[in-house]
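Take a look at the structure below.
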Amino acid sequence: MLIEMKNITKRYGSLVANDNVSITLKKGEILAIVGENGAGKSTLMKILYGLESYDSGEILINGKPVRFSSPYDAIKNSIGMVQQHFMLFPPFSAAENIVYGNEPRRGIFFDKKEAYRLVEELCRKYNLYIDPKIKVKDCSVGLQQRIEILKVLFQQVDIIIFDEPSAVLAPQEIDNFLQTVLDLKKAGKSIILITHKLNEVMAVADYVTVMRNGKVVKKMPKHETSIEELSYLMVGHHLEEREIEEIEPEEEILAVSNLTKTSPDGVKLLDDVNISVRRGEIVGIAGVSGNGQSELIQCISGLEHADSGKIVLNGIDVTNASVSAIREAGCACIPEDRYYWGSAAEASLEENCIMYHYQRKSELMKNGFLNSRNVSLFSETILKDFDVKHTSSSQSMKDLSGGNAQKLIVGREYMQNTPLLIAAEPTRGIDIGAIEYIHGRLLEKRQKKDAILLISSELSEIIELSDRIYVMCSGRINGEFSRDEATREKIGYLMMGGKNDDEM
């Protein structure tokens, strides 16, 4: 057996993150570990990679007991990990990030030219193409994920842990990634895949381990299970199929007209964009990451200014207004990056829950002072209603798993009760039970005749929820579909630059 983790137990105070967990991995095998947020999957992998210690149990590599005190120890034992949250240096190039720690040198100096050559060679080998000279700060989220994968591959490890690797990838990129996983297996690599996407499990895994509440529920070969069974094992109940009621939309809540934004180097980020969202409808924006969706959200929410055009929210012209003015006009926003835009990592869960709420709710703050009792009650309502697994509302945001951090932010913004909710990647990195719940809350908001602008790299999410769908490509609106017209093939074609009147 290549890896054996036997009876691993890990506690954080009274919380048992891993409760007597055992898993095995054979050489050349793809093991998928699935479970809800907080099930203990990422903690277990952090233990294997030397990022976390454990209270009891043992780890064996090729039958020999090991105990890692750092990722350096794991890498020496040929274990690499692509983590859910990026560990990159934004000012540096892709190549500089990929070779970091193993830099080619000419004498005592870093050989940048050789680094570029090595990275280009690595890209060709694994069909993961990227410009080695591009700065990380200029890369889309999907490209940053690709750099993370290449960085681990450059370490020449034989065992690769992928923690939610496709959570940030566009639909077309996911297919390429899954093929890469299969190619790595053919090359003799052994892989542990942590994912919430059960179709990915069925596409590439050899074995599946299901975890719930810190324990292993079941282990089985992939061919002996199904998406339906895995869903049930993960959440402990069957998921219901949802029928979406038709609603006649009412007046326009958001109108974006001829919006244009150009980068400092002259690239059109937004090119004459026109969209509208009415009361009682969910309008989806589909597009490959990096085609203007981020800039559109930022201009509407006040984080960036447009060069020209107009944004009218709830009858008020908010073009290039401040974030607070746009929120006051009736806009809440679930940002696409939960850490960069959506939260304060060092602040407590309570403090993250009341962001902006305290300015509008007199029961939370009066005469410049917070009411600690009401703040606690309010934050606990969000944490409970949105099933945020936590030990204390005073713990830091950074201590939550990615999925639980996402649920807190979704709950906070949903509870703003504004006429418009911008939902950017609302279910990124969360489990199927939480996805079902959040989808239900978005549809509930629609039922209340509020307006929702949904931006998601999950095309299935866009198609399932949206009453109308705009497709963005190269900063432009490249097409529009009603719910009845939309298909994955039609939308995917326009996302890649095709035209509505082309023959497919």
Computed over region 107-248, the relative contact order (Cα-Cα under 8 Å, seq sep at least six) in percent reads 15 percent
P(r) of region 135-277 over all Cα-Cα pairs, 5 Å bins starting at 0, rounded to whole percent, reads 2, 7, 12, 14, 13, 12, 11, 10, 9, 7, 3, 0
Sequence order, region 303-315: Karplus ³J(HN,Hα) from phi using 6.51 cos²θ - 1.76 cosθ + 1.60, θ = phi - 60°, Hz rounded, Gly and Pro as x, gives 6, 9, 9, 7, 6, 7, x, 9, 10, 10, 10, 6, x
In the chain the DSSP beta bridges are antiparallel at a rate, in percent to nearest 5, of 55 percent
Taking 269-280, 216-227, 365-376 and ranking on average Cβ neighbours within 10 Å, highest first, one gets 269-280, 216-227, 365-376
With Pro91 itself left out, Lys, Arg at +1 and Asp, Glu at -1 over residues whose Cβ is under 15 Å from its Cβ give +2
Checking rank on 124-136, 327-339, with mean other Cβ inside 10 Å and highest first, the result is 327-339, 124-136
Note, region 95-107: 3J(HN,Hα) by Karplus (6.51, -1.76, 1.60, θ = phi - 60°), whole Hz, Gly/Pro = x, goes 4, 4, 5, 5, 8, 4, x, 9, 5, x, 10, 10, x
Here the relative contact order (percent) of region 357-504, from C-alpha pairs under 8 Å and at least 6 apart, is 13 percent
Expressed to one decimal in nm², the mean projection of the alpha carbon convex hull of region 25-81 is 4.4 nm²
Under the Karplus relation with 6.51, -1.76 and 1.60 and θ = phi - 60°, whole-Hz ³J(HN,Hα) for region 417-430, x at Gly and Pro, equal 6, 8, x, 10, 10, 8, 10, 9, 6, x, 10, 5, x, 10
Rounded to whole angstrom, the alpha-carbon centroid of region 418-451 lies from that of region 157-231 at a distance of 26 Å
Once amide hydrogens are built 1.01 Å from N within the peptide plane, the residues lying 5 or more places from Cys473 or on another chain with amide H under 5 Å from its amide H are Asn478
With the convex hull built on the alpha-carbon atoms of region 3-235, volume per residue in Å³ sits at 130 Å³
Answer in debye to the nearest 20: the dipole magnitude of the chain about its Cα centre, from +1 Lys/Arg and -1 Asp/Glu charges placed on Cβ, is 1940 debye
Other residues with Cβ under 13 Å from the Cβ of Ile61 give, with Lys and Arg +1 and Asp and Glu -1, a net charge of +2
Computed over the Cα atoms of region 426-504, the Rg and Dmax in Å are 13.7, 40
Surrounding charge for Ala187, neighbours by C-beta under 13 angstrom, Lys/Arg +1, Asp/Glu -1, total +3
Percent relative contact order for the chain, counting Cα pairs under 8 Å at least six residues apart, stands at 15 percent
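Here, each number is a calculation from the coordinates, and none is a lab measurement. Given the structure is predicted, the values throughout are model-derived calculations rather than measurements. Note that each Cβ is placed from the backbone with ideal geometry, even for glycine, and that neighbours are counted across all protein chains shown.
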